[in-house]
Amino acid sequence: MSTITQSQADTSHVQATAPAPVGPPTRPQMAVMIWLAVFPTLTVLSLVLGPWLSDANPVLRTFVLATVAVPTIVFGELPWLQRARVWLLTRRG
């Protein structure tokens, strides 16, 4: 016959009340997160770097903006947006 210790009982209670894990984002969710990251980032970069890049070749201007924007979005903004998505999907009403 097995006895349940207090720590086992507490663990089973935590497991029973823990929210279900959230899966990866759907394509529409990912599209919204990317748009929420890309649009403001490119707007700010264009406003900040625009005066310095105004005379540059369009290909060079795009290269500079993409070189700054992509790492900012991938490593800075998307992880935050993914955490926000999980929080929104798991919060209790």
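The values are calculated or read from the model by the stated rules, or taken from the named source; none is laboratory data. Just so it is clear, the structure is predicted and the values come from calculations on it, not from any experiment. Each accessible area value is taken on the protein alone, full model and side chains, heavy atoms only, with ligands, DNA and RNA left out. Shrake-Rupley method; radii C 1.70, N 1.55, O 1.52, S 1.80 Å.
Quick notes on this one:
- Per-residue extension of 0.36 nm, minus the Cα-Cα distance of residue 90 and residue 56, leaves a gain of 7.6 nm for this segment.
- Accessible-area composition of the stretch 41-90, carbon plus sulfur, in percent [1.4 Å probe]: 75
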